[in-house]
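See structure below.
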Amino acid sequence: MITEAIILAGGMGTRLKSAVPDLPKCMAPVNGKPFIEYVISYFKQQGVNRFIFALGYKSEAFHSFLDEQQGIEYQLSTEDEPLGTGGAILKACGLSTSENLFVTNGDTLYRADLDALSAFHFQHHSECTLCLKPMQQSDRYGMVETNAEGRIISFREKQYYEQGLINGGLYAISRERLLQKRLPEKCSFEKDYLEKYYTGGAIFGMVQDAYFIDIGIPEDYHRAATELQ
């Protein structure tokens, strides 16, 4: 079982500025507490006990909040300048103590079964396993296709889809196999790693139709307050 997680928490939340003008996106308050607290709490319930927070924009906003968190071991990986999702993960991997770890977006709560994701990851000797959320009638996300064994066979651009599988922004990764790719210091995890290497690498997707919310736009941010009461 994987017990360590990187939480990507450096996003500015440009589209959320109207609702949350002066905080990193994942620190946006939902029912009186930062959204990221829901993410941490869920990961703790699932057996994760060590966290690496990949920080960037207004990282000081996290310090007092994290000092108050009970029962977790954590380290901070702070960017001096924006490195992209890939760069943030690579930098955070330098603080990891595990060969395999979870990665998730701090502005997304995906209540997937992490034991099942971990088991699937090991069973398929995967270098990266994406958790895939079934989505209906959406134009906000690109879609992901897999073959019968779960290997990724295509990433499709954002446009309107009647139904399909989206990348839920939750991964199990092999740290060493990711670092072996020697990605540039600044890079996109999605474009420069997943979409570049899925054809020749052991990159898999596991479908989990669990609760999912991404607070990246005001409409969904306000919806979170109702759904997470």
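Scanning the stretch 119-133 for residues that are touching a strand residue (DSSP E or B) at 6+ places or on another chain (Cβ under 6 Å) and surrounded by fewer than 18 Cβ atoms within 10 Å (Cβ to Cβ) yields a single hit, H124. Taking the stretch 27-56 as the range and being surrounded by fewer than 19 Cβ atoms within 10 Å (Cβ to Cβ) and in a strand (DSSP E or B) as the test, the residues that pass are P29, K33, R50.
Does F212 qualify as being surrounded by 12 or more Cβ atoms within 10 Å (Cβ to Cβ) and over 21 Å from Q46 (Cβ atoms)? Considered against the rule, which asks whether it is surrounded by 12 or more Cβ atoms within 10 Å (Cβ to Cβ) and over 21 Å from Q46 (Cβ atoms), F212 comes out as no.
Within the stretch 22-72, track down each residue that is basic (K, R) and on the phi > 0 side of the Ramachandran plot. Within the stretch 22-72, just K58 meets the criteria. L183 fulfils the conditions (1) in a loop (DSSP other than H, G, I, E, B); (2) open to solvent by 70 Å² or more (accessible area, probe 1.4 Å); (3) at pLDDT 95 or above except for a single criterion, (2).
Could you tell me whether any residue of the stretch 95-116 is of a type outside the set (G, A, S), open to solvent by 50 Å² or more (accessible area, probe 1.4 Å) and without any contact (Cβ under 8 Å) to a residue 12 or more places away in the chain?
Within the stretch 95-116, none of the residues are of a type outside the set (G, A, S), open to solvent by 50 Å² or more (accessible area, probe 1.4 Å) and without any contact (Cβ under 8 Å) to a residue 12 or more places away in the chain.
The residues of the stretch 58-69 that are surrounded by 17 or more Cβ atoms within 10 Å (Cβ to Cβ) and outside any helix (DSSP H, G or I) amount to a single one, S59.
Does the stretch 165-176 contain any residue that is touching a residue at least 24 places away in the same chain (Cβ under 8 Å) and farther than 21 Å from A88 by Cβ? Checked the stretch 165-176: at least one residue is touching a residue at least 24 places away in the same chain (Cβ under 8 Å) and farther than 21 Å from A88 by Cβ. Here is the figure for the stretch 88-112: residues that are assigned to a helix (DSSP H, G or I) and in contact with a Cys (Cβ under 8 Å, 6 or more places away or on another chain) total 1.
The values are calculated or read from the model by the stated rules, or taken from the named source; none is laboratory data. Here the structure is a predicted model, which is why all the values come from computation and not from measurement. Here the Cβ is made from the backbone with ideal geometry for all residues, glycine too, and neighbour counts use every protein chain on show. Accessible surface areas use protein heavy atoms only, side chains included; no ligands, DNA or RNA. Shrake-Rupley method; radii C 1.70, N 1.55, O 1.52, S 1.80 Å.
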